[in-house]
Amino acid sequence: MPRKRKLVPDSDDKGQNSRISKTPTVEHQDGKGDACFAVSKYFGDEKMKPFRLGPDFFNQPCIGLAKSFLGQILVRKLPDGRELRGRIVETEAYLGGEDEASHSANGKRTGRNVAMFMPAGTMYVYQIYGIYFCLNISSQGEGAAVLLRSLEPLQGLDTMRHLRNLRRKEKGKALKDWELCNGPSKLCQALAINKSFDRRDLASDGEAWLERGPDVLTAQAVVAAARIGINYAGEWARKPLRFYIKGNKCVSVVDKAVEREAL
DNA sequence: AGAGGGATCTTCT
DNA sequence: GAAGATCCCTCTC
């Protein structure tokens, strides 16, 4: 008997349109390198085999790409063959040129940010505060890119937890599943993404790629809010260029005011 | 639940 | 020399 897949939230969902909103149903074991097994387990049916997203997906305007990322699945293949998977639940659009919050504001092009000017689908990984990394994907548009802010962990949670704990104190509180990738630098830690990925192509890379997720999101399932940590950017700091899946537990910052307004 | 501060170092001025 | 698209721990209410 084929498993039924829910594509659109039920009407009584009350905004809890996500898999980890209340009760996590994610896999809790590592995929030990057997990709086919792990994938078929999550996707269930043969006809819906994971579909790797290619150049056409990435080659779209920045805001559209930022929204299109939601629900898609980021995959990281480690050197030992293990595959880690997370569903993208929060992104930010950085438009380049006019966008004062963008590293490429006013056309600024430096050694650090050249990846933002490379073809759509190029990864831009930069180090922040000397210790953390953030992952962006370049989009259509000069100097434009999308920051990935959080993932809902799906596969390889034990490995993610181990990678995240490398930097934490022994005495610290144990990480919940939903805390593994709920921030731009947390997801880089959990997926072992560092500067070596900078300027590489997410559409063709062998160690990181994107798969089409099973869910189709309705417009009401997506919240558009102000971006985080860019208060220096004046009016651009307030523009609704952050997008997240409403009700998802793994979103790093929830904007209650915006969500109220949407009703 | 929220505020505050330290860590830590590359990048660009 | 200063700032930064963050995270985590500690303290307080």
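The values are calculated or read from the model by the stated rules, or taken from the named source; none is laboratory data. Computed from a prediction, not measured in an experiment: that's the story for all the values here. No Cβ is skipped: glycine too gets one built from the backbone with ideal geometry, and neighbour counts run over all protein chains shown.
Observations
- A:Asp80 more than 16 Å from the chain's Cα centre (by Cα), within 26 Å of A:Thr159 (Cβ to Cβ) and assigned to a loop (DSSP other than H, G, I, E, B): yes
- Residue list for the range A:157-193, restricted to those being part of a loop (DSSP other than H, G, I, E, B) and in contact with a Ser or Thr (Cβ under 7 Å, 6 or more places away or on another chain): A:Cys181, A:Asn182, A:Gly183
- Here A:Ile131 meets each of (1) at pLDDT below 95; (2) away from DNA strand B (no atom under 16 Å from the Cβ) with one exception, condition (2).
- Residue selected from the range A:101-124 under the condition in contact with a helix residue (DSSP H, G or I) (Cβ under 6 Å, 6 or more places away or on another chain) and within 10 Å of DNA strand C (Cβ to nearest atom), by the criterion nearest to A:Ser185 (Cα to Cα): A:Tyr124
- Hits in the range A:125-156 - residues which are of a type in the set (A, V, I, L, M, F, W, C) and more than 13 Å from DNA strand C (Cβ to nearest atom): A:Leu154
- Considering (1) touching a helix residue (DSSP H, G or I) at 6+ places or on another chain (Cβ under 9 Å); (2) part of a loop (DSSP other than H, G, I, E, B); (3) modelled with pLDDT under 95, the lone condition that A:Arg19 does not fulfil carries the number (1).
- Top-ranked residue of the range A:105-131 - restricted to ones that are touching a Phe, Trp or Tyr at 6+ places or on another chain (Cβ under 7 Å) and of a type in the set (S, T, N, Q), ranked as farthest from A:Leu148 (Cα to Cα): A:Asn113
- Subset of the range A:79-100 [within 9 Å of DNA strand C (Cβ to nearest atom) and touching a Lys or Arg at 6+ places or on another chain (Cβ under 7 Å)]: A:Glu92
- Boolean, A:Asn106 is closer than 28 Å to A:Asn59 by Cα, without any contact (Cβ under 8 Å) to a residue 24 or more places away in the chain and surrounded by fewer than 22 Cβ atoms within 10 Å (Cβ to Cβ): yes
- Qualifying residue in the range A:106-114 (condition: in a loop (DSSP other than H, G, I, E, B), farther than 30 Å from A:Leu166 by Cα and away from DNA strand B (no atom under 13 Å from the Cβ)): no
- Listed by first and then second residue, the pairs with beta-carbon distance under 8 Å, at least 6 apart or on different chains, first residue in the range A:224-237 and outside any helix (DSSP H, G or I), second within 10 Å of DNA strand C (Cβ to nearest atom) and of a type in the set (S, T, N, Q), are A:Ile228/A:Ser252.
- Condition check for A:Ser196 on (1) under 24 Å from A:Phe57 (Cβ atoms); (2) small (Gly, Ala, Ser); (3) in a loop (DSSP other than H, G, I, E, B): one failure, at (3).
- Look at the range A:158-187: where a residue is more than 6 Å from DNA strand C (Cβ to nearest atom) and a partner is β-branched (Val, Ile, Thr) and at pLDDT 95 or above, sitting 6+ places away or on another chain with Cβ atoms under 8 Å, you get A:Asn182/A:Val251; A:Leu187/A:Ile193.
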